[in-house]
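Beneath this line is the structure, given in structure tokens, with notes to follow.
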Amino acid sequence: MPNTLLGAHALMQSPVSKLTLRGSRTSVEAAEAEGLIRKIFTSLGYSVDVSAQVAHHLTDTSLCGVESHGVMRVLEYANQSRSGYLDPKGTARAFRDSRGVMRVEGGGGIGIPAMQLAYETGIAEARERGISALSIRHAGHTGRHGAFADMAAEQGFLTICIGGGNRQTWRQVAPHGGAQAKLPTNPWCAGIPGGAQGPVVLDFATSKIAGGWIYAAKSAGALLPEGCVIDRNGNPTRDPEDYFAGGAILPAGAQKGYALALVAELIGEAMLGPSTTECNWLLITLEATRFRDAPAMQAAAEDVLADLRSCPPAPGFEQVEIPGERERNHRAASEGRIAVPLETWRQIQELAESLGAA
């Protein structure tokens, strides 16, 4: 089926997007997008397996409606691969160091395979010992962590993943009360087995908006939400170009987001060691069913979640949502198609043509 342009009504139905587009969107079959992105990565020198894994992750993320970490990321990854920032030949590996600590090294490549390996390793260790703590280092952007946390929670594991470090390279967020970028977006992600509708997953940057949304806005020619970004003089702005010209993202929840980012920075830089490529990560995995049998835990969780869903919505809201369910519902309703900003899709197609991957 050919690509089709979406009208204003369809544009309004993109429930997770934070962008105010100046242009339109195009509807693309997920299989088409995934195939094209896979060819782009193999043309950049990535292995067939890594290309397939990353292409699937990005496409599935777009199907979940998380535009900031979806197919638009191929543009950033391609630029980083061609500049030498990322190593297409880098391979993720897990090992136990001389201190007895389990580590995952990303080899300087795209971080999605490294994070997948980390969650798989953490699950295996926690299944054997009840709990696992490991680090992830020397990896590029690690994708949508909610996908990994959801996978682990489905298998009965509680996971907590914290990223920080490398603020010298990734100065993106102003500290609370400051007017200059000093910290990375330092994300946190937690997943836990939930009720009848699946796990509960928190996946958030400690800034008011993830850095990926700014790249997405620039790519799409869109405006950012109000109150998220300041320009180089500390003034509020919605123009992504102001951020790239020396501006900064504001911390989420004022001092609370700043404090979470600071703790993550200390974990990533002071505890785990000097960070290379992007940031360092600490992943804690715990086998939740060691505390309570799965059926009893799910029944108790569903009782809590159903009570929250029954809460009358406040003015301006349609319903109370449970973290993680919006993404799964968006994927289920997508019918295998993603709504990509037309300008972003044009850039992806041009990238493929320039690499001979079209």
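Checking each residue of the stretch 100-110 against the condition of being in contact with a strand residue (DSSP E or B) (Cβ under 9 Å, 6 or more places away or on another chain) and in a helix (DSSP H, G or I) gives no match. Note on the stretch 102-148: residues that are crowded, with 22+ Cβ neighbours inside 10 Å, farther than 23 Å from E269 by Cβ and either under 18 Å from the mean Cα position of the chain (by Cα) or aromatic (F, W, Y) (or both) amount to 4. Restricted to strands (runs of 3 or more DSSP E) entirely inside the stretch 144-258, those with at least 2 residues that are of a type in the set (V, I, T), out of contact with any Pro (no Cβ under 7 Å at 6 or more places or on another chain) and under 20 Å from L283 (Cα atoms) are 157-164. Can you tell me how many residues in the stretch 336-358 are among the charged types (D, E, K, R) and at pLDDT below 95? Selection size over the stretch 336-358: 1.
Every residue, every condition in (1) more than 30 Å from G164 (Cβ to Cβ); (2) out of contact with any Leu (no Cβ under 8 Å at 6 or more places or on another chain), yes or no:
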site: K256; (1), (2): no, yes
site: A259; (1), (2): no, yes
site: L262; (1), (2): no, no
site: E265; (1), (2): no, no
site: M271; (1), (2): no, no
site: P274; (1), (2): no, yes
site: T277; (1), (2): no, no
site: A296; (1), (2): yes, yes
site: S310; (1), (2): yes, yes
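One residue stands out in the stretch 186-221 among those that are surrounded by 23 or more Cβ atoms within 10 Å (Cβ to Cβ) and over 18 Å from the mean Cα position of the chain (by Cα): the one that is farthest from K256 (Cα to Cα), namely A220. Counting residues in the stretch 131-153 that are at pLDDT below 95, of a type outside the set (G, A, S) and within 30 Å of T42 (Cβ to Cβ) gives zero. Residues considered: G253, G273. Of these, the only one that is on the phi > 0 side of the Ramachandran plot and open to solvent by 30 Å² or more (accessible area, probe 1.4 Å) is G253. One residue alone among R99, R167 is modelled with pLDDT under 95 and surrounded by 20 or more Cβ atoms within 10 Å (Cβ to Cβ), and that residue is R167. Can you tell me which residues in the stretch 151-160 are open to solvent by less than 30 Å² (accessible area, probe 1.4 Å) and under 19 Å from Q53 (Cβ atoms)? The answer is A152, and nothing else.
The single residue among A78, A52 that is touching a helix residue (DSSP H, G or I) at 6+ places or on another chain (Cβ under 7 Å) and surrounded by fewer than 20 Cβ atoms within 10 Å (Cβ to Cβ) turns out to be A52.
Restricting attention to the stretch 267-275, does a residue exist that is of a type in the set (S, T, N, Q), at pLDDT below 95 and over 30 Å from V320 (Cα atoms)? Yes, the stretch 267-275 has at least one match.
The values are calculated or read from the model by the stated rules, or taken from the named source; none is laboratory data. Only a predicted model underlies this, so the values are computations on that prediction, with no experimental measurement involved. Cβ coordinates were reconstructed from backbone atoms using ideal geometry, including for glycine residues, and neighbour counts include every protein chain displayed. These accessible areas exclude ligands, DNA and RNA; they are computed on the full protein's heavy atoms, side chains included. Shrake-Rupley method; radii C 1.70, N 1.55, O 1.52, S 1.80 Å.
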